[in-house]
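The values are calculated or read from the model by the stated rules, or taken from the named source; none is laboratory data. If you're wondering where the values come from, they're calculated on a predicted model, not measured in any experiment. Note that each Cβ is placed from the backbone with ideal geometry, even for glycine, and that neighbours are counted across all protein chains shown. Surface areas here come from the heavy atoms of the whole protein model, side chains and all, with no ligands, DNA or RNA. Shrake-Rupley method; radii C 1.70, N 1.55, O 1.52, S 1.80 Å.
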Amino acid sequence: MYIPPVPENEGLRQAAMDAINLLHSPAEERFDRITRLAARALGVPIALVSLVGESCQWFKSRVGLLADQTPRAISFCGHAVAAGRPLLVPDARLDPRFHDNPLVLGPPYIRFYAGVPLSMAAGLSAGTLCVIDTVPREFSDSELAMLIDLAAMAEHEMQYEPTLSAQQILLSQRDQSQRRALLDPLTGAWNRSGFEALLQAEAAFSRQQQKDFALLLLEVEAFPSEIAQECERVLVAVAASLRRALRPSDAVSRLGEATFGLMLSPCDAATLAQARRNVVLAARGAARTARALAVSVGGALVQGPHWDVAAALVTIDHHLRVARFDGLAQQRASER
């Protein structure tokens, strides 16, 4: 196995990575739609937006892979970043750079790899848009052209500066290691610590902007499975579907095994009511293969002049309990 070379301009590259503020940030629909499209259009089980940090490659977006990162020393994308051009590996078992790589010998059992570097300022590469298959294959010129076009879309999103929000403020106030501690590695959403930090940031931001925001608690229940990975895939699908159902300014957090906290900013009563309907439909649709799936949701506005987050959380919890009770009652009635 060959360890990926370190570019001569690695210091500048890492500084540029810090400037775009994407490494160890929450998953976003604007990148997820690109990996979904790449997987479907090119007929592969795995597609990734991979950002190569100092010691790991971390996945800003992923389709078909539960892991959120791998060591840089065994990464395929590290080779593409070092070369600064597309990397094609038709059969990793026959390539001396990768034939004994742990990612080839073990999960995800990479056989085919195609990656296109994602450029930042001054032509520095942040990582790649890559597609992976578990069987060897050839990549046609038209398929490579499609991957290059999709990579250009990902580059455009990397250069886009989102509207100022509490999420952006929170990310800018944390370094990479601190941000990593605020993310759920399975779903790419904020974790409980991230949700609590985001609550504080959002309360201050909304007070400054004089705009109300809303909170939702969503609980996915009753998808029994003896296979842990099946449950994990359901939760990953639910989180991705929730991101699609919400606006870019909204936030998704995973607070417990199957409990999600959603923040809608800005928000009014009508927007909250519509969001409740949307997220329930999204969660059910994402996990339609799960048996006897139940989704309960509770929500509340956080309004000025005091922006009382604690009171809103109490209200949300009450609404969630009522929704859970109503759902169980309906299920029992349908079973009679």
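The separation of region 158-233 from region 1-22, counted between C-alpha centres, amounts to 26 Å. Solvent-accessible surface of the chain, averaged per residue with a 1.4 angstrom probe and all protein chains in place: 47 square angstrom.
Against the chain, whose longest principal axis comes from its Cα atoms, helix 309-335 is set at around 90 degrees.
For Asp212, the amide hydrogen comes within under 5 Å of the amide hydrogens of Cys267, counting only partners 5 or more places away or on other chains and with H modelled in the peptide plane. Take Glu54: with every protein chain present and a 1.4 Å probe, its accessible area is about 140 Å². Selection among Gln200, Asn9, His306 by position relative to the dipole of the chain gives His306 as farthest towards the positive end (Cβ unit charges, Cα centre).
Close amide H partners of Ala189, meaning residues 5 or more places away or on another chain with modelled amide H under 5 Å apart, are Ala27, Asp184. Sequence-ordered 3J(HN,Hα) estimates for region 272-281 from the Karplus curve with 6.51, -1.76 and 1.60 and θ = phi - 60° stand at 5, 4, 5, 5, 4, 5, 5, 6, 5, 5 Hz, glycine and proline given as x.
Summing charges over all other residues whose Cβ lies under 12 Å from the Cβ of Ala39, with Lys and Arg as +1 and Asp and Glu as -1, gives +2. With respect to the chain, whose longest principal axis is taken over its alpha-carbon atoms, helix 141-159 is tilted by about 50°.
Among Ala80, Ala152, Ala92, whose Cα projects farthest towards the positive end of the dipole of region 41-169, with charges put on the beta-carbon of Lys, Arg (+1) and Asp, Glu (-1)? Positive-end residue among those listed: Ala92.
The heavy atoms of Tyr113 offer some 0 square angstrom of accessible surface to a 1.4 angstrom probe. Around the amide H of Met120, modelled in the peptide plane, lie the amide H atoms of Ser125, Ala126, all under 5 Å away and 5 or more residues distant in sequence or on another chain. Each residue of region 166-183 was assigned a 3J(HN,Hα) from its phi angle through the Karplus curve 6.51 cos²θ - 1.76 cosθ + 1.60 (θ = phi - 60°); the sequence is 4, 4, 5, 5, 4, 5, 5, 8, 10, 7, 4, 5, 5, 5, 4, 6, 9, 10 Hz, with glycine and proline shown as x.
Its residue count N fixes a reference of 2.2 N^0.38 Å for the chain, and the Cα radius of gyration divided by that reference is 1.06. Give me the angle, in degrees from 0 to 90, between the Cα long axis of helix 10-20 and the longest principal axis of the Cα atoms of the chain, rounded to the nearest 10. It is inclined by approximately 30 degrees. Anisotropy class assigned to region 232-291 is prolate, per the alpha carbon gyration tensor with a/c at or over the 1.5 cut-off and a/b larger than b/c.
Within region 81-122, the trypsin sites (Lys or Arg not before Pro) that combine a DSSP coil assignment with at most 16 other C-beta atoms in a 10 angstrom radius are Arg97.
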